[in-house]
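What follows is a single structure, written as structure tokens, with notes after it.
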Amino acid sequence: MKENTVTQILDTAQQVVQLRGYNAFSYADISDRVGIRKASIHYYFPSKGDLGRDLIQHYRQSFQQRLAQVRRNSNVPREQLVQFVALYREGLLSDRLCLCGMLAADYATLPDAMRIELQGFFADTEAWLVEVFRTGCEAGLLDCKASVETEAKLFLAQVQGAQLTARASGEGIAAFDVLADRLVQMFNPG
């Protein structure tokens, strides 16, 4: 029961944060949705910062598993970039932004433990993208105009930004698709 309750709390917190942000949710939001008392949430997560830290850890692990699946699905760097973008598109279909992108907007107000986990998410994701760009650029399958590290950071920032822009523009998924398609095309050789 404990593991199921913790998972329900984390899943619900993730949904709320992806929709509204970290500073705009409370234990009451989770309590209402999961159907447990706030005191029960405090039992598992004594502070909102504890919940936030564990939430990022949970999301990091899940996202890394999804990136591993992308690598298993294809060894073609361009296709890996397309599938990476599709992960962000999937969230946007439910009007949910990347959890860590949402939290980055609240960075200045986050507890230190959450900041460390958030930095870890971006480092993990950039490292995965560095390998994709390294493989693609060395094989001539991707056109890198800067170092693979810079291209990875640029790509991640642009995908995150495409999500935000798509949501804020009111055009939703159509705006994201235009931006994402252009982003992947930027790295086509020749």
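Kindly state, to the nearest 0.05, the FRET efficiency for ALA39 paired with THR109, given R0 = 30 Å and r defined as their beta-carbon distance.
Details: r = 25 Å, r/R0 = 0.83.
That gives a FRET efficiency of 0.75.
For the chain, with a Gaussian network of springs between Cα atoms less than 10 Å apart, report the residue from GLY21, GLY140, GLY91 with the top mean-square fluctuation.
GLY140
Could you tell me how many degrees, from 0 to 90 and to the nearest 10, lie between the Cα long axis of helix 173-185 and the main elongation axis, the longest principal axis, of the Cα atoms of the chain?
With rounding to tens, the tilt is 40 degrees.
Projected onto the charge dipole of the chain (+1 at Lys/Arg Cβ, -1 at Asp/Glu Cβ, origin at the Cα centre), which of ILE116, ALA68, LEU156 gives the Cα projection farthest towards the positive end?
Working it through, the farthest residue towards the positive pole turns out to be ILE116.
What are the equivalent ellipsoid semi-axes of the stretch 1-70, built from the alpha-carbon gyration tensor (square roots of five times its eigenvalues), in whole angstrom, biggest first?
Values: eigenvalues 91, 37, 23 Å².
The answer is 21, 14, 11 Å, longest axis first.
Defining a contact as two alpha carbons under 8 Å apart and six or more residues distant in sequence, what relative contact order in percent does the chain show?
Numbers: 172 pairs, mean separation 42.2, N = 190.
Relative contact order of the chain: 22 percent.
Note the angle between two axes, namely the Cα long axis of helix 112-138 and the longest principal axis of the Cα atoms of the chain, as a number of degrees from 0 to 90, rounded to the nearest 10.
20 degrees
Please give the contour-minus-distance gain from ASN188 to ASP124: 0.36 nm per residue of separation, less the Cα-Cα distance, rounded to one decimal in nm.
Numbers: separation 64, 0.36 × 64 = 23.04 nm, distance 2.43 nm.
Working it through step by step, the gained length comes to 20.6 nm.
State, to one decimal in nm, how far the label point of ALA28 lies from the label point of ARG71, with both points 7 Å from Cα in the Cβ direction.
4.5 nm
Please state the relative contact order of the stretch 126-187 as a whole percent: Cα pairs under 8 Å, 6+ residues apart?
Values: 45 pairs, mean separation 17.6, N = 62.
Contact order relative to length: 28 percent.
For the chain, compute Rg over Rh where Rg is the Cα radius of gyration and Rh is the Kirkwood radius from the inverse mean 1/r over Cα pairs.
1.01
For the stretch 101-159, which trypsin sites (Lys or Arg not before Pro) are both in a DSSP coil and crowded by at most 13 other Cβ atoms within 10 Å? Walk me through the intermediate numbers first.
Numbers: sites: ARG115, ARG134, LYS145, LYS153; in loops: LYS145.
Within the stretch 101-159, the qualifying trypsin sites (Lys or Arg not before Pro) (loop, at most 13 other Cβ atoms within 10 Å) are LYS145.
What dipole magnitude, in Debye to the nearest 20, does the stretch 48-185 give about its Cα centre under +1 on Lys/Arg Cβ and -1 on Asp/Glu Cβ?
Taking the Cα centre of the stretch 48-185 as origin, the dipole is about 120 debye.
Bear in mind these aren't lab numbers, they're just calculated from the coordinates by the rules spelled out. Computed from a predicted structure; not experimentally measured. Cβ: placed from backbone, ideal geometry, glycine included. Neighbour counts: every protein chain shown.
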